[in-house]
Amino acid sequence: MSSNAPATATIRIDDTGRESAVPLLPGTIGPAVADIRKLYGELGIFTYDPGYGGTAACESKITYIDGDAGVLLHRGYPIEQLAEHSTFLEVAYLLLNGELPSAGQMQEFDRGIRLHTMVHEQLRQFYNGFRRDAHPMAVICGVVGALSAFYHDSLDVNNPEHRRISAFRLIAKLPTIASWAFKYSLGQPFMYPRNDLSYAENFLYMMNAVPSEPYQINPVLARAMDRILILHADHEQNASTSTVRLAGSTGANPFACIAAGIASLWGPAHGGANEAVLKMLAEIGTPDAIPGFIARVKDKNSNVRLMGFGHRVYKNYDPRAKIMQRTCHEVLTELGITGDPLLDLAMELERIALHDEYFVGKKLYPNVDFYSGIILKAMGIPTSMFTVLFAVARTVGWVSQWKEMMEDPSQRIGRPRQLYTGHARRDYPMRAAAE
Ligand code: ACO
């Protein structure tokens, strides 16, 4: 074989001797992938990978994760640098367009987002159909899906201008939709967006302000919110992003696809973990109860997990968790919260878990959700809104990944196969007519 020939792996079926040469496609960084697209045609076999732990479902230029080293790059830029020096909207531009914007491009992008922050007035009526005690994730899932019933002028997924406008609409309107879900649960009037404020400031304003009182933006909290949004903006082909891509691969409109992503994010194994962490801390209660709780986590029959720990890809400290921990301290200091019992409990839990053989051996480290709940709680945001905030941030990633997929000429409808283990063909039993 010439040294320039692409690397291949060979799959051979031992008892027949039939084999297939599988090309190994290199990435810029990270492992190569075995291209098995012709495998079924050549050997009549599928690959089997429940949970997709070893399967690359697409090619992407957006986000890179090295789970062993604890590295997260967006378009090549480390998350630590983006969280420190960038803003959420600049990261949004980067994820969508591939490069950081010039000053002029940023101004235009920012203005474009601000122009779309309001929602169709009739959409307000939707909220009244929900019970006041509805989970806000249920509300935003419904309302975001309903956007496709309002914005008919940007639903042609094959039209680049429609895709661009839909992306702006989704990123701009999510904070409005999310904060109205919160206001509805409180029975307070909806606050209309203020386009003189930054994205994070406006989100805080719409969630916390009331028409009868002046609302003062706290710049430390606004910066913390912006950073929380950056840290959740995208994370490669996770469950909700893969859901968005799969829905989008059928040609479904972007509002429907993002609603599907929100549904997928809701589960406690994914975006619902930040809510689950606070419930867990409340259940533990005091540091002296930690050893008993850890023993339950380690008991295979208990089904109890240390929420906010572990990750399918990170087998090291999630880099976002480190930034989140720092931000958590900044927020608590700004708010004058010293010796917060929840934070103390979380830090003690983390300290014990990081030294416990069970967690060390399984490479279970804190993930982004371990600290985010504590910050959000300190900022006065109720637990039920935590995953909603995640959805607001991740909309940028979902839209960027959806756009990339729609622009990929090799994209086809997503259609996994299966290992069938049910009955083979059998005949319907002919029973006697009356017994
Ligand atoms: N607590 C205790 N044990 C755990 C935990 C945990 N949080 N996470 C994994 N394990 C154990 C499993 O019991 C399993 O042990 P075993 O090999 O003895 O059977 C082993 O570690 C591997 O676990 P899997 O479930 O196979 O790992 P997977 O990659 O499928 O799961 C997940 C990843 C879902 C994130 C898991 O670690 C988890 O449930 N964590 C808690 C929920 C959470 O924090 N989710 C947020 C993820 S980040 C995000 O979405 C923003």
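Quick note: the coordinates plus some simple rules give every number you see, no bench work behind them. The structure displayed is predicted, hence computed values, not measured ones. Reconstructed Cβ throughout: ideal geometry from the backbone, glycine too, with neighbour counts over all protein chains shown.
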### Message
Let me check against my output: what whole-number percent is the relative contact order of the stretch 99-223, with C-alpha pairs under 8 Å and at least 6 apart?
### Response
25
### Query
Tell me, what HN-Hα J-couplings in whole Hz come from the Karplus equation 6.51 cos²θ - 1.76 cosθ + 1.60 at θ = phi - 60° for each residue of the stretch 252-268, using x for Gly and Pro?
4, 6, x, 5, 5, 5, 5, 4, 5, x, 4, 4, 5, 5, 4, x, x
### Cα convex hull volume per residue for the stretch 118-173 (Å³)
80
### Message
Under 10 Å, Cα contacts only: if you run a Gaussian network model on the chain, which one of 259, 178, 424 comes out with the highest mean-square fluctuation?
### Response
424
## Note on the structure
By the C-alpha gyration tensor axes a ≥ b ≥ c (rounded if a/c is under 1.5, else prolate when a/b exceeds b/c, else oblate), the shape of the stretch 108-235 is oblate
## Note on the structure
Surrounding charge for residue 185, neighbours by C-beta under 13 angstrom, Lys/Arg +1, Asp/Glu -1, total +2
## Note on the structure
Residue-normalised 222 nm signal for the chain, counting each DSSP H run of n ≥ 4 as -39,500 (n - 2.57), nearest 500 deg cm²/dmol, is -15000 deg cm²/dmol
### Query
Can you give the translational diffusion coefficient of the stretch 260-338 in µm²/s, computed by Stokes-Einstein from the Kirkwood radius over Cα pairs at 37 °C and 0.692 mPa s?
223
### Query
Using alpha-carbon pairs under 8 Å, 6+ residues apart, how would you state the relative contact order of the stretch 34-184 in percent?
16
### Summary
Residue-ordered couplings for the stretch 41-50, obtained by feeding phi - 60° into the Karplus form 6.51 cos²θ - 1.76 cosθ + 1.60 and rounding to whole Hz (Gly and Pro as x), are x, 7, 10, x, 10, 9, 9, 10, 8, x
### Query
Distance in nm between label sites at residue 47 and residue 408, each 7 Å beyond Cα in the beta-carbon direction?
1.4
### Query
Counting other Cβ atoms within 10 Å, which chymotrypsin sites (Phe, Trp or Tyr not before Pro) in the stretch 1-92 have at most 13 and lie in a DSSP loop?
46, 48
### Message
Tell me the angle of helix 219-231 to the major Cα principal axis of the chain, expressed in degrees between 0 and 90 and rounded to the nearest ten.
### Response
10
### Query
Going down the list 173/322; 183/322; 183/403; 173/403; 279/377; 322/403, which pairs span over 23 Å between their C-alpha atoms?
173/322; 183/322; 183/403; 322/403
### Message
Run the numbers for residue 303 and residue 159: contour at 0.36 nm per residue of separation, minus the present Cα-Cα distance, in nm.
### Response
47.1 nm
## Note on the structure
Inter-part gap, Cα centre of the stretch 75-129 to Cα centre of the stretch 4-68, in whole angstrom, is 35
#### Entry: aspartates and glutamates with Cα under 19 Å of residue 315, excluding same-chain neighbours fewer than 8 positions away
66, 68, 80, 234, 236, 350, 356, 357, 369
### Summary
Taking Cα pairs closer than 8 Å and at least 6 residues apart, the relative contact order of the chain in percent is 19
### Query
In the stretch 367-435, which chymotrypsin sites (Phe, Trp or Tyr not before Pro) are in a loop and have at most 11 other Cβ atoms within 10 Å, using DSSP for the loop call?
420
### Message
Over the chain, with a Gaussian network built from C-alpha contacts below 10 Å, which listed residue (418, 237, 401) shows the highest mean-square fluctuation?
### Response
418
#### Entry: Once the Cα gyration tensor of the stretch 238-305 is diagonalised, semi-axes √(5λ) in Å
36, 12, 6
### Task
Quick one: give the max-minus-min coordinate of the C-alpha atoms of the chain along each principal axis, largest first, in Å.
78, 76, 58
### Query
Near residue 255, within a Cβ-to-Cβ distance under 10 Å, what is the net charge of the other residues, with Lys and Arg +1 and Asp and Glu -1?
+2
#### Entry: Cβ-defined net charge surrounding residue 60, 13 Å radius [Lys, Arg +1; Asp, Glu -1]
-2
### Task
Taking only Cα atoms and a 10 Å spring cutoff, compute GNM fluctuations for the chain and point out the largest among 103, 200, 321.
103
